[in-house]
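Report on the structure given below.
The values are calculated or read from the model by the stated rules, or taken from the named source; none is laboratory data. These numbers come from a predicted model, not from an experiment. Backbone-built Cβ (ideal geometry, glycine too); neighbour counts: all protein chains shown.
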Amino acid sequence: MAIKSVTTLVFDGVAPFELGVLCEAWGIDRGQSGGPTFDFTVCAPEPGRVTTSMGFALDVPHGLERVAEADLVTLPAMPRDKPVPLPVLEALRSAHAGGAQILSVCSGAFTLGEAGLLDGRDCTTHWMFADELQERFPKARVQCDVLYVDADSVITSAGSAAGIDASLYLICKEFGARAARSVARRMVVPPHREGGQAQYVETPVALPHAADTLTPVLTWMQEHLDTEMTVSYLARRASMSPRTFARRFRAETGTTPHQWLTAQRLQLAERLLEESDAPIEVVASRSGFGNAAALRHHFVAARGTTPQAFRRTFACPA
């Protein structure tokens, strides 16, 4: 079904920024610049006043009849801790069953989960809410390291700006790369971003809380990340056999010495990329990866992007 009619469904508690993202992507007439134009509306369970998460209200003129008429139904970020109006759930189920595509931004995925539209599907949401989404909707297959997922006409995107990425992806899929580039130029954003949201996830690896057995060794490891370390060497520092050390390490940190050390080195590399202008080879050496190739390998595997791309995104200009 070609996308001609688009509606954005909102109810009390809608996040205005994510609503603005959808209005910008789908609601502007771009015919003169080579982009697509849609019959775009914003609708609510009942026409009238809808409160936002920022305390002000919207006057929404359309009701749920627009959901039934739409080729694409979009959902901005919505409350995760309040009941979803039953008519909203019924409208979403009916629209999808009738062939409409559904696109959510950030916590809008929770509304789709309540409607049962995530069951058996790959999906995503903001990385801060990914575990909660999986716990609440165990039949969903939540991916926490991507910007968006397209699963059988249900498209979910990560936090805030990922709604732009998902919208541009869908425009490209439906109307071609030229149309997507036209929309991206108007929005002054790249038509496609590198990597996923793994590069934005804050993942500190904490020292153990309950047991102090390995705390001195872990502290030493953090302070000497540029030093070559083996399990045998670390076991000697802890006055243990390598086997006992490895078993104790997993019991106290939940991971292996190699995985823990790699995560710590990646965090140091991130800080150096963000806060210094040191060459990549120097960053690799100071963070314990030895050379730029090894740093790139681990960085891409863990963050879904390269060290150079990470620096371009997060380093503050001089």
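Values for this structure:
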item: Strands (runs of 3 or more DSSP E) wholly inside region 9-60 containing at least 1 residues that are not assigned by TED's automatic domain parsing to the domain that holds Pro76; result: none
item: Ala158 vs. criteria farther than 15 Å from Trp26 by Cβ and not charged (D, E, K, R); result: yes
item: Members of region 231-258 found to be out of contact with any Leu (no Cβ under 9 Å at 6 or more places or on another chain), within 26 Å of Arg303 (Cα to Cα), modelled with pLDDT of 90 or more and not aliphatic (A, V, I, L, M), listed by number; result: Thr256, His258
item: Selection count where residues are surrounded by 18 or more Cβ atoms within 10 Å (Cβ to Cβ), assigned to a helix (DSSP H, G or I) and modelled with pLDDT of 85 or more, scope region 181-230; result: 4
item: Qualifying residues in region 116-147 (those that are of a type in the set (Phe, Trp, Tyr) and in contact with an Asp or Glu (Cβ under 8 Å, 6 or more places away or on another chain)) - the one modelled with the highest pLDDT; result: Phe137
item: For Asp150: the one exception among (1) closer than 20 Å to Pro79 by Cβ; (2) at pLDDT below 95; result: (1)
item: Close pairs (8 angstrom Cβ cut-off, 6 or more residues apart or separate chains): in contact (Cβ under 8 Å) with a residue 60 or more places away in the chain in region 253-280, exposed (fewer than 14 other Cβ atoms within 10 Å of the Cβ) anywhere; result: Ala263/Thr203; Gln267/Thr203; Gln267/Pro204
item: Boolean, Ser239 is out of contact with any Gly (no Cβ under 8 Å at 6 or more places or on another chain), small (Gly, Ala, Ser) and surrounded by fewer than 13 Cβ atoms within 10 Å (Cβ to Cβ); result: yes
item: Residue check, Ser53 small (Gly, Ala, Ser), under 22 Å from Asp165 (Cβ atoms) and at pLDDT 95 or above; result: yes
item: Number of positions in region 71-108 that are without any contact (Cβ under 8 Å) to a residue 60 or more places away in the chain, of a type in the set (A, V, I, L, M) and under 11 Å from Thr156 (Cα atoms); result: 1
item: Region 154-180, residues that are closer than 14 Å to Thr124 by Cα and not β-branched (Val, Ile, Thr); result: Ser157, Ala158, Gly159, Ser160, Ala161, Ala162, Gly163, Asp165, Ala166
item: Top-ranked residue of region 1-38 - restricted to ones that are among the acidic types (Asp, Glu) and surrounded by 14 or more Cβ atoms within 10 Å (Cβ to Cβ), ranked as nearest to the chain's Cα centre (by Cα); result: Glu18
item: Failed item, numbered, when Asp71 is tested on (1) charged (D, E, K, R); (2) out of contact with any strand residue (DSSP E or B) (no Cβ under 6 Å at 6 or more places or on another chain); (3) at pLDDT 95 or above; result: (2)
item: One residue from Thr262, Thr313 being out of contact with any Leu (no Cβ under 8 Å at 6 or more places or on another chain), among the hydroxyl-bearing types (Ser, Thr, Tyr) and within 27 Å of Val189 (Cβ to Cβ); result: Thr313
item: Pick from region 153-163, criterion more than 18 Å from Val73 (Cβ to Cβ) and surrounded by fewer than 24 Cβ atoms within 10 Å (Cβ to Cβ), ranking: nearest to the chain's Cα centre (by Cα); result: Gly159
item: Within region 130-151, tally of residues that are more than 9 Å from the chain's Cα centre (by Cα) and either outside the structural domain of Pro79 (by TED's automatic domain parsing) or touching a residue at least 40 places away in the same chain (Cβ under 8 Å) (or both); result: 1
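Conditions tested, residue by residue: (1) farther than 23 Å from Asp145 by Cβ; (2) crowded, with 18+ Cβ neighbours inside 10 Å; (3) in contact with a strand residue (DSSP E or B) (Cβ under 6 Å, 6 or more places away or on another chain).
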position	(1), (2), (3)
Gln259	no, no, no
Ala269	no, yes, no
Leu273	no, yes, no
Asp277	yes, no, no
Val282	yes, no, no
Asn291	yes, no, no
Arg296	no, no, no
